[in-house]
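Accompanying notes for the structure given below.
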Amino acid sequence: MARIQALRLNARELLREPGLQKHVELTTPATDLGVDDDRIVDDVTIDLMATSGVDSVVVHGTLTMPWEAPCRRCLTDLAGTATIEVDEVYQYAGDILSDDDQTFPIENDQIDLLSAVREHLMLELPDDVLCGDDCAGIRLEPGDAPDVVTRDDDTPVRDERWAALDDLRLDD
C-alpha cells in the first residue's frame, strides 16, 4: 500500500509555483494498482513527471507492462511488452468545464494518479493478438477433435436443433 501512496501528489504544493516538477518512478504488481488480469505477467513500471502550470498539473510519462496472450486464431501463447504514453491534465473540479472528459479532477488538494494509470493499463491490454498476418489458425489432424461428427460420404451433418429453419421461407 505504501507503493500506491507514491501515486498521490500534493496539488497545493505543486501549484505554489508554475513550473515545479515532481517525478514519480515506481515498479509494482498490477494487482496493487487494482488491475487483476492474467495477461499482465510481471510488474508494471511507472515513470511519470508532473509539472505544474498556473491552475493545472500536466502529467507526462510512460507505463511499461509485460503481457502474455494467446493468438486469436491458433491459440499459440504470445508475449510482449506494452509501452504506454501518458499525457493527462489535472485541475480543481470547479475549473473543469462540464463537457471536458479529458481532464482529471484534483480533489482534497490531492492528485490521484492511480485512476489514470489503471485506465491506461486496461485500455492497452492486448485482447485481439495475432502471431502473424499469415496465421492460418488451428490445424487439426484427423482424430484431434473426438467430439466432431464425421461421415465417410460427403453428406452434410445435420443438427436437428436447427431443423425448423429448413421450412422457413422469407419473402423477398
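Read-outs: derived from the displayed coordinates by stated rules, not from any lab. As the structure is a computational prediction, the values presented were derived from the model and not from experiment. All Cβ positions, even for glycine, are placed from backbone atoms using ideal geometry, and neighbour counts span all protein chains on display.
Summary of values
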item: Q21/T103 FRET efficiency (R0 22 Å; Cβ-Cβ; nearest 0.05); result: 0.70
item: Order of H23, H60 under a 10 Å beta carbon neighbour criterion, fewest first; result: H23, H60
item: Separation of the D87 and L114 label points, Cα + 7 Å toward Cβ, nm; result: 2.8 nm
item: Long-range amide H partners of V44 with built H, under 5 Å; result: T28, A30
item: From phi via Karplus (6.51, -1.76, 1.60), per-residue ³J(HN,Hα) for segment 104-109 in Hz, x at Gly/Pro; result: 8, x, 9, 10, 6, 6
item: For G53, residues with placed amide H under 5 Å, excluding near neighbours; result: G19, V58
item: Electrostatic dipole magnitude of segment 2-124 [Cβ: Lys, Arg +1; Asp, Glu -1; Cα centre; debye, to 20]; result: 220 debye
item: Amide H contacts of A82 (H built 1.01 Å from N, under 5 Å, at least 5 apart or other chain); result: M65, W67
item: Computed lengthening from R169 to H60, 0.36 nm per intervening residue step minus Cα-Cα distance; result: 33.2 nm
item: Neighbour-count order for C135, C71, fewest beta carbons within 10 angstrom listed first; result: C135, C71
